[in-house]
Amino acid sequence: MYFSGAPGLLKLFMPSGLVWQIPTKDKSLYLTFDDGPVPGVTEEVLSVLKDFDAKATFFCVGDNVQKYPEIYKKILEAGHSTGNHTFHHLNGWKTSDEEYFEDVKQCAELVDSKLFRPPYGRITRSQAGYLSKKYKIIMWSALGGDFDPKVSAEKCIENILKSAREGSIIVLHDNQKSAQTMLRVLPQVLKYYSDKGFQFLPL
Ligand SMILES: [Zn+2]
């Protein structure tokens, strides 16, 4: 289960100190891409972002950075931010603290960043408490559902447009499973908000 908008109820049950939204009145939006770098997908995202002169943040899986270092380098060279998304894409609710922190550390050897996003948005209080000493833990305020095969591109766009406003953090996925939907959604979201005078910034 997931929530497309600012997940008020979900937030009540989540550890405090997580970042869900950037406090600003400026017409700024923060696009984030989870799970890459993935060949054929991440490069496509970089190309679309470039067309709109947009910057984003890529929460990378360490294992993928190790496999595809040249794509990771392209992300940085294009002026985007990167963040830690663990090495093995672990679910914090099902992982001991010790194992979770070791996996984050392994990812940090490849991803030099003060940003962290827990895979599946699942992190325990003790994991968040410990990691927040070192990282800004970035959640989201607009989730389209590009990873869900039951959600069409149109519905995904609708979900994002319904919840994104000044300072929103939008989540998309540059993985194989989401690519088909995500690559239809991305240019439309960029066009819609660019036309309204928004700029897309890295975290
Ligand atoms: Zn993920």
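The values are calculated or read from the model by the stated rules, or taken from the named source; none is laboratory data. Since we're looking at a predicted model, the values are computed, not measured. Here the Cβ is made from the backbone with ideal geometry for all residues, glycine too, and neighbour counts use every protein chain on show. Remember, those area values only see protein heavy atoms, side chains included, never the ligands or the DNA or RNA. Shrake-Rupley method; radii C 1.70, N 1.55, O 1.52, S 1.80 Å.
Of the residues 85, 89, 80, the single one that is open to solvent by 10 Å² or more (accessible area, probe 1.4 Å), of a type outside the set (Val, Ile, Thr) and in contact with a strand residue (DSSP E or B) (Cβ under 8 Å, 6 or more places away or on another chain) is 80. Of the candidates 121, 144, 129, the single residue that is farther than 23 Å from residue 65 by Cα and either within 16 Å of the ligand (Cβ to nearest atom) or among the β-branched types (Val, Ile, Thr) (or both) is 144. Do the conditions hold for residue 92, that is, is it under 16 Å from the mean Cα position of the chain (by Cα) and not aromatic (Phe, Trp, Tyr)? Considered against the rule, which asks whether it is under 16 Å from the mean Cα position of the chain (by Cα) and not aromatic (Phe, Trp, Tyr), residue 92 comes out as no.
In region 45-64, of all residues being under 14 Å from the mean Cα position of the chain (by Cα) and of a type outside the set (Gly, Ala, Ser), the one that is farthest from residue 190 (Cα to Cα) corresponds to 61.
For region 134-164, a residue qualifies if it is out of contact with any helix residue (DSSP H, G or I) (no Cβ under 9 Å at 6 or more places or on another chain) and under 28 Å from residue 77 (Cα atoms), and the qualifying residues are 136, 138.
For region 133-154, filtered to residues that are open to solvent by 10 Å² or more (accessible area, probe 1.4 Å) and among the charged types (D, E, K, R), the residue that is nearest to residue 30 (Cα to Cα) is 136. Restricting attention to region 158-171, does a residue exist that is out of contact with any strand residue (DSSP E or B) (no Cβ under 9 Å at 6 or more places or on another chain), open to solvent by 20 Å² or more (accessible area, probe 1.4 Å) and touching a residue at least 12 places away in the same chain (Cβ under 8 Å)? The answer is no; no qualifying residue exists. Taking the listed residues 43, 109, 70, the one that is in contact (Cβ under 8 Å) with a residue 12 or more places away in the chain, farther than 28 Å from residue 133 by Cα and open to solvent by 10 Å² or more (accessible area, probe 1.4 Å) is 43, with no other qualifying. Scanning region 69-107 for residues that are within 19 Å of residue 49 (Cβ to Cβ) and in contact with a helix residue (DSSP H, G or I) (Cβ under 8 Å, 6 or more places away or on another chain) gives 71, 72, 74, 75, 78, 80, 82, 85.
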